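Read through the structure below, which is laid out as structure tokens, and then see the notes.
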Amino acid sequence: MSYYISKTIKGDFNQVIEKVTEQLKKEGFGVLTTIDMKATLKNKLNVDFHNYQILGACNPPNAYKALLAEDKIGLMLPCNVIVQEKEAGQIEVSAVDPVVSMMGVKNEGLEPVAVEVRDMLRKVMDGLA
């Protein structure tokens, strides 16, 4: 079982990030954090890395449901979505599969929320072209 949902599309890296952000918004997610791993690794370690950004996406209603079911679940929030370009013009977008990540918590109350969020993230991927 894979721990992520993924799709590769052609395009400009920054434009794909915009598309991903738009698709997340359509599904009720906001992007709370953006981490530019390429810049961070260059600044901290002086190494070159390919374009790679981590978007911390949150759907407030589902985050609230998850918190009600498990007060420590904030350790696993927000849902991370990565956008990376290993080859020029080939952009891979991947999102964590919340069903898989919640398996370790062993709280049955989280399962319906995780399934709903996974379905929403799949719609985000389906909306990318």
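The values are calculated or read from the model by the stated rules, or taken from the named source; none is laboratory data. A quick note: this is a predicted structure, and the numbers were derived from the prediction, not measured. Here the Cβ is made from the backbone with ideal geometry for all residues, glycine too, and neighbour counts use every protein chain on show.
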Restricting to the stretch 80-106, and then to whatever is of a type in the set (S, T, N, Q) and modelled with pLDDT of 95 or more, can you tell me which residue is farthest from GLN53 (Cα to Cα)? GLN90
How many residues are more than 18 Å from ASP119 (Cα to Cα) and touching a Gly at 6+ places or on another chain (Cβ under 8 Å) when one looks only at the stretch 69-106? 4
Report whether or not ILE54 is of a type in the set (A, V, I, L, M, F, W, C), surrounded by 13 or more Cβ atoms within 10 Å (Cβ to Cβ), over 15 Å from MET120 (Cβ atoms) and in contact with a strand residue (DSSP E or B) (Cβ under 8 Å, 6 or more places away or on another chain). yes
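Would you pick out the residues in the stretch 73-96 that are touching a strand residue (DSSP E or B) at 6+ places or on another chain (Cβ under 8 Å) and either surrounded by fewer than 18 Cβ atoms within 10 Å (Cβ to Cβ) or without any contact (Cβ under 8 Å) to a residue 60 or more places away in the chain (or both)?
LEU77, PRO78, CYS79, ASN80, ILE82, GLN84, LYS86, GLY89, GLN90, GLU92
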Scan of the stretch 1-29 for residues that are more than 14 Å from MET125 (Cα to Cα), loosely packed, with under 14 Cβ neighbours inside 10 Å and either among the aliphatic types (A, V, I, L, M) or touching a strand residue (DSSP E or B) at 6+ places or on another chain (Cβ under 6 Å) (or both), ordered by number: MET1
Among helices (runs of 4 or more DSSP H) lying entirely in the stretch 23-129, which contain 1 or more residues that are within 27 Å of LYS10 (Cβ to Cβ)? 37-45, 111-126
May I ask you to list pairs of residues, at least six apart or on different chains, whose Cβ atoms are under 9 Å apart, with the first in the stretch 18-30 being free of Cβ contacts under 8 Å to residues at least 24 places away in the same chain and the second being in a loop (DSSP other than H, G, I, E, B)? GLU22/GLY127
Please give the number of the condition VAL99 fails out of (1) over 17 Å from GLY30 (Cα atoms); (2) touching a residue at least 60 places away in the same chain (Cβ under 8 Å). (2)
Out of TYR52, TYR64, TYR3, which single residue is among the aromatic types (Phe, Trp, Tyr) and without any contact (Cβ under 8 Å) to a residue 12 or more places away in the chain? TYR64
With LYS65, LYS38 as the choices, which residue is surrounded by 14 or more Cβ atoms within 10 Å (Cβ to Cβ), at pLDDT 95 or above, touching a helix residue (DSSP H, G or I) at 6+ places or on another chain (Cβ under 8 Å) and not aromatic (Phe, Trp, Tyr)? LYS65
